[in-house]
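Visitor: Structure below; questions to follow.
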Amino acid sequence: MGLLSMLFGGGTSLDLRLDAGQTVPGGQISGTVTVHGGKKDLRITAVKVRLLYLNIDTSGEGLPKVDTTLLLDETIASDVPLAAKQTQEFEFRFRVPEDVELSGDGVSYTVQAAADIPKVKDPTADAKLEIVYGDGDTLALGLDAIYERWPALRDGQGEELHEALWNFSLECYSEREQLIAAEPVLSGYIRRGDPETREKAFEAWANLLDGQARKEHIKLLDELADQQLSDAMRDELIKAATKFAEEGALPLVKRFAASGDAEIRKQVAENLRFNAEDKFRGKKDLVLKLADDPQGEVRAAAYGALTAFNDEKKVVALLAERARSEGSAEAQAACVSALALAHHHGFLELTCDVYDDLLKRGSFEARKEIAEAVHWLPEEALSRVEALVKRLFADPDDEVRRTMAWQFRNMHDFKKLGHLLRHTIEHDSSEEVRIDGLGGLGAVMEPGELVAYYRSWMGREDTSEVRWAVLSGLRDHHSDKTARALLGELARSDNERLATAAQEELDREDDD
């Protein structure tokens, strides 16, 4: 999982293990789905396992004929708690239909697993399965079924067609294999549609083919690159080229990376981070070249893309050196961000040393980024983290101190540092820092002590801002009796929005 998913996906992930990579028609598929928890307690709505059949026939003229079928779609677990940093394992065993075809000659099978987890990006994984003997015919998911769901794809136009293309694109995230037969329809709109239709069809096309691009698809990208395109179409083309770089579009990506337009070079670096595979042959060399770009904004994007290589000593050393020497504040902050998880790969001391140096003489942007990142450091680095937090709370810029105070919401592993937050709440010159600190106390104080502290504070200063901060801190303890009593008082507040939010916290316990 890449950094973006870890930051906005709660740190959750999923592993799929098959007991055997081969089976026979009428045989069984069995294995285990393991769901790993993130930084907070969550709940799994459902865990699903699918078996997908794909047949690509390239024997005729023109575009290949593509048949796809969902053979199995089973829910193996539902409504399961997922504690922070814990794992849940689910075993499965299914019977393969007797009339499936052999693998090979364009026929392949994929087992997919996915966990539906509210509030985070759903983790997924897949594994190839071989059917080693037997034959038979299966029904393919054809265009008729796709047109039935999106009639405008057949003969629509204007807003009706654009909405259908948008909705189709969204469905590709979860049903890509079932929808592959629509590829010729989308490519037709790309080649012959009006400018807006081309853009929307191209976005859907690139989404559909993510991980499945072939030579003819790369050829279409090259054709488009030689045409006069709108800015929006060019942006989508850069995104698609980076998605398909491993499948053959790397030369086109390099062509964009050599553009005389800094904005295009920046987009290449950003897309190499967020839309390309974490690692593929040629990626690191290209990103390192972009990291030497004369424009700071391009270097910043390139440093972000180097996050995928923060397990490599030379890359981490480069990021550390650039963090200390960068003339661009934006690029310096990007180096900090790229180093944020390097401690997982044995670079804890180097990361902390860089943080120390930048807190002495780094830019405001870099210091603020350190405040954003310090909670990722491991619990065993308590002494280093404590020193960093002290420096951050002593920073001359209110925004840096405020960021550190707010990030205490993620400092559950550092309860011993709660005294530093309380001191800041009681003595900082900025009201915004004090208020954000109040909201972060819930992560580092036990509920009884926390409620007493909040009541004492509200006795001195009972403003709307204070009450919202108190509600934020109580969210970590909404099942505690004393916390629920204070939540009940907030739920009777004259502030309707605050009262509603507090009641939702009380109801959340009932839902659990």
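The values are calculated or read from the model by the stated rules, or taken from the named source; none is laboratory data. Since the model is a prediction, treat every value here as computed from it, not as a measurement. We place every Cβ from the backbone using ideal geometry, glycine too, and count neighbours over all the protein chains shown. Side chains are part of the model used for accessible areas, which takes the heavy atoms of the whole protein and leaves out ligands, DNA and RNA. Shrake-Rupley method; radii C 1.70, N 1.55, O 1.52, S 1.80 Å.
Visitor: When you look at L421, is it more than 25 Å from the chain's Cα centre (by Cα) and crowded, with 22+ Cβ neighbours inside 10 Å, yes or no?
Guide: yes
Visitor: On to the next question. When you go through E216, E277 one by one, which is the residue that is under 25 Å from the mean Cα position of the chain (by Cα), among the acidic types (D, E) and at pLDDT below 95?
Guide: Of E216, E277, the one residue that is under 25 Å from the mean Cα position of the chain (by Cα), among the acidic types (D, E) and at pLDDT below 95 is E277.
Visitor: Could you look through segment 295-319, keep only residues that are in contact with a Gly (Cβ under 9 Å, 6 or more places away or on another chain) and of a type in the set (D, E, K, R), and pick out the one that is most open to solvent (accessible area, probe 1.4 Å)?
Guide: K313
Visitor: Please specify each residue of segment 279-294 satisfying the condition of being part of a helix (DSSP H, G or I) and surrounded by fewer than 16 Cβ atoms within 10 Å (Cβ to Cβ).
Guide: Residues satisfying the conditions are D285, K289.
Visitor: Looking at this structure, is E236 among the charged types (D, E, K, R) and within 25 Å of Q112 (Cα to Cα)?
Guide: No, not satisfied.
Visitor: When you scan segment 357-369, how many residues do you find that are charged (D, E, K, R) and surrounded by 15 or more Cβ atoms within 10 Å (Cβ to Cβ)?
Guide: Residues flagged as charged (D, E, K, R) and surrounded by 15 or more Cβ atoms within 10 Å (Cβ to Cβ) within segment 357-369 amount to 4.
Visitor: Taking interchain pairs and intrachain pairs at least six residues apart, which have beta carbon atoms under 6 angstrom, with the first residue in segment 422-442 and free of Cβ contacts under 8 Å to residues at least 12 places away in the same chain and the second small (G, A, S) and surrounded by fewer than 22 Cβ atoms within 10 Å (Cβ to Cβ)?
Guide: none
Visitor: Now for a separate question. How many residues does segment 200-234 contain that are surrounded by 17 or more Cβ atoms within 10 Å (Cβ to Cβ) and in a helix (DSSP H, G or I)?
Guide: Within segment 200-234, residues that are surrounded by 17 or more Cβ atoms within 10 Å (Cβ to Cβ) and in a helix (DSSP H, G or I) number 16.
Visitor: Does at least one position in segment 51-73 carry a residue that is at pLDDT 90 or above and of a type in the set (D, E)?
Guide: Yes, segment 51-73 contains at least one residue that is at pLDDT 90 or above and of a type in the set (D, E).
Visitor: Need the failing condition index for A276 against (1) part of a helix (DSSP H, G or I); (2) open to solvent by less than 70 Å² (accessible area, probe 1.4 Å), just the number.
Guide: Against the list (1) part of a helix (DSSP H, G or I); (2) open to solvent by less than 70 Å² (accessible area, probe 1.4 Å), A276 comes up short only on (1).
Visitor: Let me ask something additional. State the number of residues belonging to segment 68-96 that are open to solvent by less than 40 Å² (accessible area, probe 1.4 Å) and either hydroxyl-bearing (S, T, Y) or farther than 15 Å from T32 by Cα (or both).
Guide: Here the count works out to 8.
Visitor: Given (1) open to solvent by 50 Å² or more (accessible area, probe 1.4 Å); (2) in contact with a Ser or Thr (Cβ under 7 Å, 6 or more places away or on another chain); (3) modelled with pLDDT under 90, where does V100 come up short, assuming only one miss?
Guide: Tallying (1) open to solvent by 50 Å² or more (accessible area, probe 1.4 Å); (2) in contact with a Ser or Thr (Cβ under 7 Å, 6 or more places away or on another chain); (3) modelled with pLDDT under 90, V100 fails exactly one: (1).
Visitor: Just to be sure, is V433 within 26 Å of A371 (Cβ to Cβ) and surrounded by fewer than 21 Cβ atoms within 10 Å (Cβ to Cβ)?
Guide: Taking the combined requirement at face value, the residue does not satisfy it.
Visitor: Ok, one more. Looking at segment 294-322, I want the residues that are at pLDDT 95 or above and basic (K, R) and have a partner that is open to solvent by less than 10 Å² (accessible area, probe 1.4 Å) and not in a helix (DSSP H, G or I) with Cβ atoms under 9 Å, at least 6 apart or on another chain. Which pairs are those?
Guide: R299/A291; R322/A291
Visitor: Considering only residues that are out of contact with any Gly (no Cβ under 8 Å at 6 or more places or on another chain), surrounded by 20 or more Cβ atoms within 10 Å (Cβ to Cβ) and not in a helix (DSSP H, G or I), which ones fall in segment 370-417?
Guide: Across segment 370-417, the qualifying residue is only L377.
Visitor: Separate question: Do we have any residue at all in segment 29-40 that's farther than 22 Å from I131 by Cα, charged (D, E, K, R), within 19 Å of the chain's Cα centre (by Cα) and at pLDDT 75 or above?
Guide: Scanning segment 29-40 turns up at least one residue that is farther than 22 Å from I131 by Cα, charged (D, E, K, R), within 19 Å of the chain's Cα centre (by Cα) and at pLDDT 75 or above.
Visitor: Residue check: is D194 modelled with pLDDT of 85 or more, of a type outside the set (F, W, Y), closer than 30 Å to L42 by Cα and open to solvent by 40 Å² or more (accessible area, probe 1.4 Å)?
Guide: no
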